[in-house]
Amino acid sequence: MIEVRHLTRRYGKNTAVGNVSFNIGRNEVVGLLGHNGAGKTTIMKMLSGYLEPTAGSIHIGGIDLATDPQPIQQQLGYLPENLPIYPEMMVADYLEYAATLKRIPPKDRLLAVRNVVLATNLEQRILDPIDTLSRGMRQRLGVAQALLGKPRLLILDEPTNGLDPEQTDHMRKLIKQLARRATVILSTHIMQEVDAVCDRVLILSNGKLVLDETLQDLCCTRTLLLRVCDSNPSLASYLRRLPQVSKVSSEASGPNQMSHTLSLHENANADTAANNIARCVAEAGARLYELQPLERDLESVFRQASTLGQNASEGEANV
């Protein structure tokens, strides 16, 4: 669906995005994460065609955005961080105007507006002036205009910004529904949003792509935690001899209890490793209390990736 190659954007001597490449498949929901100034908004503007890259290429659905932007933009729904709206207009008038800009035929506009109003729960405010809407309601209006025309690609910058918990839950469900027919790129600072709706995560730091992983792979590690009642001091050495295990760290965790952290080789099968570890414990005469994979949470992964990206940038600057 989306192929980005060596994407770069400079503002004078400042590089906002540097040599970023990634692919996004059809109907994926991808979280775009990074601290302020990491390059998220610049990438979204380039993907929408609003901003031209200094170097690199963007192909969407096999079409080069640089040479033929119109068919891509007709299938694009974009919610920027600061949506330009007209406070004196009524909600219905604004959405009809947005539908006109998207070149939805006059005979189809009423139904198109009705569908996005229902999708975003705005039916009670359809005749209200925009300047009377709360921040959360304006955000829902922004999402509604992005949905006009049934886009195949949705780029949403902080879609739950200003929403209360009930509205946030509704927005999450809506994004999951939209992914059945559209590819969604979601930029947010809220890790729970990514956990709730995304299939994959792209993490940016100082304009560089420092991590690109599925959410499932990102939160799992090739590390197992073993806790045993152990009176046999040789168990750790037995564990180190297992072919799937690359490293063992051991420490006492209570009276006659030991905790072993086992790192697996890159190509080792985790289930085979767990079976061999359990057999090793039994043969050593120890009692098995716990054996489970260690998992990482998204927030800790984000901090680690951002720190690595920052250190890499500082290293390049010092060269």
task = Would you point out which residue out of 114, 180, 138 is in contact (Cβ under 8 Å) with a residue 60 or more places away in the chain and charged (D, E, K, R)?
result = 180
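Which residue out of 61, 56 is within 25 Å of the chain's Cα centre (by Cα), surrounded by 16 or more Cβ atoms within 10 Å (Cβ to Cβ) and at positive phi?
Just one listed residue meets the conditions, 56.
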query = So which residues in segment 123-162 are farther than 25 Å from residue 189 by Cα and not basic (Lys, Arg)?
reply = 123, 124, 126, 127, 128, 129, 130, 131, 132, 148, 149
task = Would you confirm whether any residue within segment 151-166 is in the same structural domain as residue 50 (by TED's automatic domain parsing), surrounded by fewer than 19 Cβ atoms within 10 Å (Cβ to Cβ) and not in a loop (DSSP other than H, G, I, E, B)?
result = yes
ask   = residue 146: under 26 Å from the mean Cα position of the chain (by Cα), part of a helix (DSSP H, G or I) and surrounded by 14 or more Cβ atoms within 10 Å (Cβ to Cβ), yes or no?
value = yes
inquiry  = Restricting to segment 145-198, count the residues that are under 25 Å from residue 109 (Cβ atoms) and β-branched (Val, Ile, Thr).
reply    = 4
remark   = In segment 266-286, anything in contact with a strand residue (DSSP E or B) (Cβ under 8 Å, 6 or more places away or on another chain) and surrounded by 14 or more Cβ atoms within 10 Å (Cβ to Cβ) is listed as 268, 270, 273, 274, 277, 281, 286
Close pairs from segment 280-294: first in contact (Cβ under 8 Å) with a residue 12 or more places away in the chain and farther than 15 Å from residue 261 by Cβ, partner in a strand (DSSP E or B) and small (Gly, Ala, Ser), Cβ under 9 Å, at least 6 apart = none
Check on residue 135, at pLDDT 95 or above, basic (Lys, Arg) and surrounded by fewer than 18 Cβ atoms within 10 Å (Cβ to Cβ) = no
request  = Would you be able to say whether some residue in segment 47-64 is in a strand (DSSP E or B), of a type in the set (A, V, I, L, M) and under 22 Å from residue 103 (Cα atoms)?
outcome  = yes
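Based on what the data block shows, is residue 203 free of Cβ contacts under 8 Å to residues at least 40 places away in the same chain and within 23 Å of residue 161 (Cα to Cα)? First the steps, then the outcome.
Working: free of Cβ contacts under 8 Å to residues at least 40 places away in the same chain: no; within 23 Å of residue 161 (Cα to Cα): yes.
Considered against the rule, which asks whether it is free of Cβ contacts under 8 Å to residues at least 40 places away in the same chain and within 23 Å of residue 161 (Cα to Cα), residue 203 comes out as no.
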task = Just one of (1) over 24 Å from residue 180 (Cα atoms); (2) in a strand (DSSP E or B); (3) free of Cβ contacts under 8 Å to residues at least 24 places away in the same chain trips up residue 15, so point out which.
result = (3)
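Quick check on segment 78-86. Is at least one of its residues among the aromatic types (Phe, Trp, Tyr) and closer than 25 Å to residue 24 by Cβ?
yes
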message = With the structure loaded, tell me whether residue 98 is aliphatic (A, V, I, L, M), touching a strand residue (DSSP E or B) at 6+ places or on another chain (Cβ under 7 Å) and assigned by TED's automatic domain parsing to the domain that holds residue 36 or whether it fails that test.
response = no
task = Output yes when any residue across segment 80-90 is in a helix (DSSP H, G or I), surrounded by 17 or more Cβ atoms within 10 Å (Cβ to Cβ) and either modelled with pLDDT under 95 or touching a Lys or Arg at 6+ places or on another chain (Cβ under 9 Å) (or both), and no when none is.
result = no
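The values are calculated or read from the model by the stated rules, or taken from the named source; none is laboratory data. Everything numeric in this text was worked out from a predicted model, so none of it was measured. No Cβ is skipped: glycine too gets one built from the backbone with ideal geometry, and neighbour counts run over all protein chains shown.
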